[in-house]
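Trainee: Would you mind keeping the following structure in view while I ask a few things?
The values are calculated or read from the model by the stated rules, or taken from the named source; none is laboratory data. Just so it is clear, the structure is predicted and the values come from calculations on it, not from any experiment. All Cβ positions, glycine included, derive from the backbone under ideal geometry; neighbour counts span all protein chains shown.
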Amino acid sequence: MNDTSGYTPPAVWKWDKENGGRFASINRPIAGPTHDKELPVGKHPLQLYSLATPNGVKVTVMLEELLALGHAGAEYDAWPIRIGNGDQFGSGFVGVNPNSKIPALMDHSTSPPTRVFESGSILLYLAEKFGAFLPKDHGKRTEALNWLFWQMGSAPYLGGGFGHFYAYAPLKIEYAIDRFAMETKRQLDVLDRRLADNEYMAGDEYSIADMAIWPWYGNLVAGTIYNDSATFLEAHSYTNVVRWQQQIARRPAVIRGRMVNRLSGPEAEQLHERHDAGDFETRTQDKIAAE
């Protein structure tokens, strides 16, 4: 194993701004705003402030799925929060989410407007508001919520654990990578066993549980996050997760949802701001032309 014996934790931890690797410039041990900045507000009651990270994609997929079902009230404006620039520490964003994490939603259809933060909470809020993507049957509803909250508790081991130490940490620490690779593979096995006998996470119904889990674990098995981690983890061996990932990836609303607030990757797959369904048309035409 790598020699890590040179570090002894101090009696009292002190913040070192230079420590923390890729995200050192935006991580800090205190909450609250760093600067005054109001959030923009568009024409729709639902205002989303986000970025196309796995957590952000959960919500844009949900909104696009609701619109695909014909819920006109789910029309929304989506504004990018550039976390690398520290937008999440602006006073307006902190007012919506005191935890300074994307995504955050304001619902102006209520009086006073309702703030909703934490991606799982937003998914549940929208499911209940529109009566969609959460099974009506008591048992199936409970199963969907079981898996929704499974994701909320499990994904930090994938992202902040495995993903950070494997792809982003300034030092490759064998113990940390081994520890979180083992846990990530265990989680994939949990999903694979569930999906062996079920089309979707809650059973036979596509739900917010799938929308929560897919952006994290679907991207993992598809090899689109954390460098070559899919090969490292032998993600192809989880065949039921691969089937589920591919099935959901083909949904038109998922394709659109992945574009919203995306600031990197192929230009034709980016939609920095979303204010109307017509905003996708130009990007779709660009993609077809590029192909």
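Trainee: Quick test for you: out of A202, A196, A209, pick the one residue that is under 30 Å from D137 (Cα atoms), touching a strand residue (DSSP E or B) at 6+ places or on another chain (Cβ under 9 Å) and either of a type in the set (A, V, I, L, M) or surrounded by fewer than 20 Cβ atoms within 10 Å (Cβ to Cβ) (or both).
Mentor: Of the residues listed, the single one that is under 30 Å from D137 (Cα atoms), touching a strand residue (DSSP E or B) at 6+ places or on another chain (Cβ under 9 Å) and either of a type in the set (A, V, I, L, M) or surrounded by fewer than 20 Cβ atoms within 10 Å (Cβ to Cβ) (or both) is A209.
Trainee: Search region 68-96 for residues being in contact (Cβ under 8 Å) with a residue 12 or more places away in the chain, out of contact with any strand residue (DSSP E or B) (no Cβ under 9 Å at 6 or more places or on another chain) and not in a loop (DSSP other than H, G, I, E, B), and hand back the single one that is surrounded by the fewest Cβ atoms within 10 Å (Cβ to Cβ).
Mentor: Selected residue: G84.
Trainee: T114 passes all but one of (1) closer than 22 Å to G153 by Cβ; (2) polar (S, T, N, Q); (3) surrounded by 13 or more Cβ atoms within 10 Å (Cβ to Cβ); which number fails?
Mentor: (1)
Trainee: Does M152 satisfy the criteria of being more than 27 Å from E64 (Cβ to Cβ), surrounded by fewer than 21 Cβ atoms within 10 Å (Cβ to Cβ) and at pLDDT 95 or above?
Mentor: Against the criterion (more than 27 Å from E64 (Cβ to Cβ), surrounded by fewer than 21 Cβ atoms within 10 Å (Cβ to Cβ) and at pLDDT 95 or above), M152 does not qualify.
Trainee: Applying the selection to region 27-37, what residues are surrounded by 10 or more Cβ atoms within 10 Å (Cβ to Cβ) and either under 22 Å from the mean Cα position of the chain (by Cα) or farther than 12 Å from D87 by Cβ (or both)?
Mentor: Within region 27-37, N27, R28, A31, G32 qualify.
Trainee: May I pose another question? On the given criteria, is L123 closer than 25 Å to A68 by Cα and in contact (Cβ under 8 Å) with a residue 12 or more places away in the chain?
Mentor: Spelling it out, L123 is indeed closer than 25 Å to A68 by Cα and in contact (Cβ under 8 Å) with a residue 12 or more places away in the chain.
Trainee: Output the residues belonging to region 44-60 that are more than 16 Å from E273 (Cβ to Cβ), among the polar types (S, T, N, Q) and in a helix (DSSP H, G or I).
Mentor: N55 - this is the single residue of region 44-60 that is more than 16 Å from E273 (Cβ to Cβ), among the polar types (S, T, N, Q) and in a helix (DSSP H, G or I).
Trainee: Return the residue satisfying two criteria in turn: it lies in region 97-125 and is of a type outside the set (A, V, I, L, M) and in a helix (DSSP H, G or I), and of such residues it is nearest to L148 (Cα to Cα).
Mentor: Result: G120.
Trainee: Additional query: Can you find even one residue in region 135-142 that is in contact (Cβ under 8 Å) with a residue 24 or more places away in the chain and either surrounded by fewer than 15 Cβ atoms within 10 Å (Cβ to Cβ) or of a type in the set (D, E) (or both)?
Mentor: No - not one qualifying residue is present in region 135-142.
Trainee: In region 222-244, how many residues are in contact (Cβ under 8 Å) with a residue 24 or more places away in the chain and under 15 Å from the mean Cα position of the chain (by Cα)?
Mentor: Summing the residues that are in contact (Cβ under 8 Å) with a residue 24 or more places away in the chain and under 15 Å from the mean Cα position of the chain (by Cα) in region 222-244 gives 2.
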